[in-house]
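What follows is one structure encoded as structure tokens, with my remarks underneath.
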């Protein structure tokens, strides 16, 4: 059989269509089962040229049969990294929530666009209700929200809205509406998307001013105040401050109340990038880490990170309603007619710069329905419990591991593995240099073995170190014990 035997090419193709989709589903289900099998590898690593030899990736001139397509599906998953594996701790988005997966499957089957209520009525209402619930958790009484394609674009939306709020004529007049060079402020450890936003908005990366951080990676409020005053003295026009709630590497939470005070003092937009750390708002035990978030003007929050929703699922929330539509509306009447037979305020396409939007709400809504607020609170508390267990295990084997930060604020745990030859070497710059050289070598062995995946990077004066992420509910104490033993097995003789 080929594609012509399936719906819609063959209107009598119900049976072959059902059989083909069932077999594809079987391939996916088998993959999910292997994902949670701790005896299976996370990946079967091949170098790019090797993988091109193993896989048939060419686009054919004539149609292939459906059996070959099923083989292609199996091969794609065979060589794919199992990001839901309990021992995959490489990214901020780890794990595989089965209910969210079910939501993604239904989303693909519906295959609709989220720009009007006309074609996505159920999903638009789901987004409306879920975003309102998230704003209530943040502490906004009213406001507006949208799902965006990633945290970087969410941060860009915040900066665009801030500029529009301060200079509403910019939309029509562009640079001529500005009294001088605009500049924004973010911490040295913030996500690079703020620098990207400055570039995309025409401010220039030099006008994304990085604020120094303390020893734990948190923005220093006094330095923010100083830099704002310095920028004003140079004739620049500060308009936006981004505080980070959960930095990418250290997981640091900037002091939001103190930053809010400074923004209030200078009349600047206060944005919180909680793409990573936003999930703490769901736990009474952890919410204090984001004290002051309710004073912000906007918040980025990615449910595809700590909350475990499948990629991608990023939200941006505004305290003031109407800004999104005012900032981005282009009034394309061939899409967003105002005389439709329903309340057109439910249409979202004119709120965003991208027009069409993927349906990212259903997998979030369905997962939240399955857990409830109570289940997500337990989810967050469990991630912190596993993180604390890892920290204590690392500290108990200080001959083999050295912590970068003694007490991490989020589930990022940063450390160096110490191979046998360096365990008796005195502390100092040379030892740190050698440790920085060891970590990438150990990562290479890790990927070849396929049993474990942890990311590494340098930061400030620190040479390469591992940053272990726990954002999957599948991780348990046995996995953490295995990780520590496996690092020593793979790296002992480096």
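Taken over the range 101-113, residues that are more than 16 Å from residue 30 (Cα to Cα) and not in a loop (DSSP other than H, G, I, E, B) amount to 7. Are any of the residues in the range 312-324 without any contact (Cβ under 8 Å) to a residue 24 or more places away in the chain and surrounded by fewer than 23 Cβ atoms within 10 Å (Cβ to Cβ)? No, because not a single residue in the range 312-324 is without any contact (Cβ under 8 Å) to a residue 24 or more places away in the chain and surrounded by fewer than 23 Cβ atoms within 10 Å (Cβ to Cβ).
Among the criteria (1) at pLDDT 95 or above; (2) in the same structural domain as residue 433 (by TED's automatic domain parsing), the one residue 364 does not fulfil is (2). Does the range 140-155 contain at least one residue that is under 18 Å from the mean Cα position of the chain (by Cα) and not assigned by TED's automatic domain parsing to the domain that holds residue 280? Within the range 140-155, not a single residue is under 18 Å from the mean Cα position of the chain (by Cα) and not assigned by TED's automatic domain parsing to the domain that holds residue 280.
Please work out if residue 369 is touching a helix residue (DSSP H, G or I) at 6+ places or on another chain (Cβ under 6 Å) and at pLDDT 95 or above. So residue 369 fails the test. Among the residues of the range 119-136, the one identified as farther than 19 Å from residue 368 by Cα and buried (at least 17 other Cβ atoms within 10 Å of the Cβ) is 120. Within the range 194-226, the set of residues being part of a helix (DSSP H, G or I) and surrounded by 22 or more Cβ atoms within 10 Å (Cβ to Cβ) comprises 194, 197, 198, 224. Collect the residues in the range 139-178 that are surrounded by fewer than 21 Cβ atoms within 10 Å (Cβ to Cβ) and assigned to a loop (DSSP other than H, G, I, E, B), keeping them in residue-number order. Scanning the range 139-178 gives 139, 141, 142, 149, 150, 167, 168, 169, 178.
Within the range 339-361, being surrounded by fewer than 14 Cβ atoms within 10 Å (Cβ to Cβ) and part of a helix (DSSP H, G or I) holds for one residue alone: 345. The set of residues from the range 469-482 being in contact with a helix residue (DSSP H, G or I) (Cβ under 8 Å, 6 or more places away or on another chain) and in a helix (DSSP H, G or I) comprises 477, 480, 481.
Counting only residues that are within 28 Å of residue 309 (Cα to Cα) and surrounded by fewer than 22 Cβ atoms within 10 Å (Cβ to Cβ), how many does the range 439-448 have? Residues meeting the conditions: 2.
Tell me, please, whether a residue that is in contact (Cβ under 8 Å) with a residue 24 or more places away in the chain, closer than 14 Å to residue 465 by Cα, surrounded by 15 or more Cβ atoms within 10 Å (Cβ to Cβ) and more than 29 Å from the chain's Cα centre (by Cα) can be found in the range 392-405. Within the range 392-405, one or more residues are in contact (Cβ under 8 Å) with a residue 24 or more places away in the chain, closer than 14 Å to residue 465 by Cα, surrounded by 15 or more Cβ atoms within 10 Å (Cβ to Cβ) and more than 29 Å from the chain's Cα centre (by Cα). In the condition set (1) crowded, with 19+ Cβ neighbours inside 10 Å; (2) over 14 Å from the mean Cα position of the chain (by Cα), residue 300 is compliant with all but (2). Counting only strands (runs of 3 or more DSSP E) that sit completely within the range 255-338, those holding 3 or more residues that are more than 20 Å from residue 380 (Cβ to Cβ) correspond to 269-274. Inside the range 233-248, can you point out the residues that are on the phi < 0 side of the Ramachandran plot and surrounded by fewer than 19 Cβ atoms within 10 Å (Cβ to Cβ)? Result: 233, 234, 236, 237. Taking residue 110, is it in contact (Cβ under 8 Å) with a residue 24 or more places away in the chain, surrounded by 21 or more Cβ atoms within 10 Å (Cβ to Cβ), more than 24 Å from residue 478 (Cβ to Cβ) and out of contact with any helix residue (DSSP H, G or I) (no Cβ under 7 Å at 6 or more places or on another chain)? It is false that residue 110 is in contact (Cβ under 8 Å) with a residue 24 or more places away in the chain, surrounded by 21 or more Cβ atoms within 10 Å (Cβ to Cβ), more than 24 Å from residue 478 (Cβ to Cβ) and out of contact with any helix residue (DSSP H, G or I) (no Cβ under 7 Å at 6 or more places or on another chain). Among the residues making up the range 67-100, a single one is crowded, with 18+ Cβ neighbours inside 10 Å and part of a helix (DSSP H, G or I): 100.
The values are calculated or read from the model by the stated rules, or taken from the named source; none is laboratory data. Since this is a predicted model, take the numbers as computed values, not measurements. Don't worry about glycine lacking a Cβ; one is built from the backbone with ideal geometry, like all the others, and counts go over all protein chains shown.
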